[in-house]
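Worksheet: the structure to be examined is printed underneath.
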Amino acid sequence: MTTATSIPLVNLKRQVDNHRDAFQAVFDNLLTRTDFVGGNAVGEFEAEFAKFCNAKYAVGVGNGTDALYLIFMALNLKPGDEVITTAMSFIATAEIFKPLGLKPVFVDICPNTYNIDPEKVKAAITPKTKAILPVHLYGQPADMVSLQAIADEYNLILIEDSAQAHGSELNGKRAGSMGFAAGFSFYPGKNLGAFGDGGAVTTNDEAFAERVRMLANHGRLTKYEHSDEGVNSRLDTFQAGILSVKLKLKTDWNAKRRHWASLYNELLADVSDITLPSVAENAESVFHLYVIQIEKRDALLEHLHKEGVFAGIHYPIPLHLQPAFKHLGYAEGAFPHSEQLGNQCLSLPLFPELTEDEVQAVAKAVKAFFQ
Ligand SMILES: *Cc1c(COP(=O)(O)O)cnc(C)c1O
C-alpha cells in the first residue's frame with residue numbers, strides 16, 4: 001500500500017478521462033446543431049431524469065438554487081409566510097426566501113442522521129407556516145414519512161431539497177418523488193454534475209411543472225406573450241447532453257460511493273474518538289459526502305492535509321449563525337446538534353473513481369492522528 005501522496009476530496013478529472021469520447025461527442029453534436037438553448041437534448045434529459053427519480057415531470061433550470069427559488073415562486077405564497085427548514089445545510093437552501101418575501105424558520109437536526117428533526121418541525125409551526133423544506137443532507141433522505149404526516153395534519157406543502165441526493169431512497173421511494181416538488185442541483189461536484197451550472201425541478205403535478213417551466217422562461221405563454229414576471233433560468237442544451245451521458249452511469253457511481261463508504265466504516269470502526277455516519281434502517285444514502293464527527297476536528301483536518309489527504313468541512317457555520325441571517329435573530333446555542341456538527345464535521349474524500357489503495361491510505365492517515 002502506498003502512503004497518501006495527494007488524495008483530493010473530489011476528483012472530476014478521472015471521470016472525464018474515463019468517458020472523454022462520449023463527452024466529446026456531445027460537444028461535437030452541439031457544434032453541428034448550434035441549438036445552444038432549448039434544443040432536443042433538454043427534453044430528452046428531462047424525461048430520463050424524471051424516470052430516474054420516479055417522478056412524472058422534470059423541468060431543467062439554470063442551477064439548484066434557482067430550482068428551489070422557482071418552486072417557491074410557483075407556489076404563490078403570501079409575503080410574510082413562513083417555511084420551516086433545517087439549520088444545517090448549504091446557504092442556498094435558505095437564501096431563496098427573502099427575494100420572495102418569505103421567511104425561513106430554522107429547526108435543529110436529528111443527532112444521528114443530521115437531517116431535520118420532525119418533532120422540532122412540529123414545535124415550530126405557526127399560523128403563518130405554509131411549507132416544510134427538508135434537505136436530504138450528504139445524500140441521506142430526510143424522514144419524509146414523519147414530515148408528510150405533519151404536512152398532512154397542518155395542511156403544509158412538503159418540498160425536497162434534493163441537491164445532494166440524486167438516486168437516494170427511503171422505503172424504496174426516490175428523492176424527487178416524495179414531496180410535492182423537489183429541487184436538484186447539477187453543480188459539477190454534486191453526485192450528478194454538469195460541466196457548469198445546472199438544476200432541475202421534479203414533481204408529479206403536471207400544472208405545477210408547467211408553471212415552473214413558464215416562470216423559468218420569462219413567464220412566457222407564447223413567444224411574445226408573458227403572463228408573469230418570471231426569470232431566465234434554463235438548462236443549457238450542452239449541459240443536458242452531458243447529463244444524459246452521466247445519468248446512464250449514475251447507478252454504478254452511486255453503488256461505488258456506497259462501497260467506499262462501507263469500506264471507510266469498516267476501516268475506521270475501531271477508532272473510538274470519531275463518530276461514523278449512520279444511515280437510518282429504511283434509508284439508502286447515495287453518500288454525496290462521507291462525514292465523520294470528531295472533537296479535535298481542526299487538528300485532524302490539519303494533520304490530514306499534511307499527509308496529502310484533502311478532507312473538507314460541510315458546513316462549519318449552521319445557517320442560523322450565518323451573518324446573512326443575522327436579521328432573523330437566532331442566538332448561539334439555539335440548535336445544539338447543528339452547532340456541534342458544524343464544529344466537529346469532517347468530510348473524507350469520496351467519489352466513485354477512488355481506488356481501494358486510496359481509501360486505505362485515508363483511513364491509515366486518520367488512524368495515525370491518534371498514535
Ligand atoms: C448545492 C446545493 C444547492 C444549490 O445548488 P446550486 O446548483 O449550487 O445552485 C442547494 N441546496 C443544497 C443542499 C446544496 O448542496
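So here's what we get for this one:
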quantity	calculated
Wholly enclosed strands (runs of 3 or more DSSP E) of the stretch 147-230 bearing at least 2 residues open to solvent by less than 30 Å² (accessible area, probe 1.4 Å), small (Gly, Ala, Ser) and under 19 Å from Thr85 (Cα atoms)	181-185
Positions within the stretch 228-270 being of a type outside the set (A, V, I, L, M) and either under 15 Å from Gly60 (Cα atoms) or touching a His at 6+ places or on another chain (Cβ under 6 Å) (or both), in sequence order	Gly230, Asn232, Ser233, Arg234, Asp236, Thr237, Phe238, Gln239, Gly241, Ser244
Residue in the stretch 170-179 that is within 16 Å of Phe72 (Cα to Cα) and basic (Lys, Arg) present	no
Qualifying residues in the stretch 24-48 (those that are in contact with a Gly (Cβ under 9 Å, 6 or more places away or on another chain) and surrounded by 15 or more Cβ atoms within 10 Å (Cβ to Cβ)) - the one modelled with the lowest pLDDT	Gly39
Hits in the stretch 34-49 - residues which are touching a Leu at 6+ places or on another chain (Cβ under 6 Å) and within 16 Å of the ligand (Cβ to nearest atom)	Phe45
Test: Ile242 is open to solvent by less than 10 Å² (accessible area, probe 1.4 Å) and part of a strand (DSSP E or B)	no
Output for the stretch 187-229, where each listed residue is away from the ligand (no atom under 16 Å from the Cβ) and in contact (Cβ under 8 Å) with a residue 60 or more places away in the chain	Thr203, Asn204, Asp205, Glu206, Phe208, Ala209, Arg211, Arg213, Leu215
Filtered residues of the stretch 118-142 (kept if in a loop (DSSP other than H, G, I, E, B) and crowded, with 23+ Cβ neighbours inside 10 Å)	Pro134, His136, Gln140, Pro141, Ala142
Leu321 being in contact with a helix residue (DSSP H, G or I) (Cβ under 9 Å, 6 or more places away or on another chain), over 21 Å from Cys110 (Cα atoms) and away from the ligand (no atom under 16 Å from the Cβ)	no
Filtered residue count, the stretch 50-103, keeping only those that are surrounded by fewer than 20 Cβ atoms within 10 Å (Cβ to Cβ), part of a helix (DSSP H, G or I) and within 12 Å of the ligand (Cβ to nearest atom)	1
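One line per residue, one yes/no per condition, for (1) closer than 21 Å to Asn112 by Cα; (2) over 17 Å from the mean Cα position of the chain (by Cα):
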site: Gly308; (1), (2): no, yes
site: Ile313; (1), (2): yes, no
site: His337; (1), (2): yes, yes
site: Glu353; (1), (2): no, yes
site: Glu358; (1), (2): no, yes
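The values are calculated or read from the model by the stated rules, or taken from the named source; none is laboratory data. In this text, all values refer to a predicted model and were calculated from it rather than measured experimentally. So basically every Cβ, Gly included, is an ideal-geometry build from the backbone, and we count neighbours across all protein chains shown. The accessibility values were calculated without ligands, DNA or RNA, using every heavy atom of the protein model including side chains. Shrake-Rupley method; radii C 1.70, N 1.55, O 1.52, S 1.80 Å.
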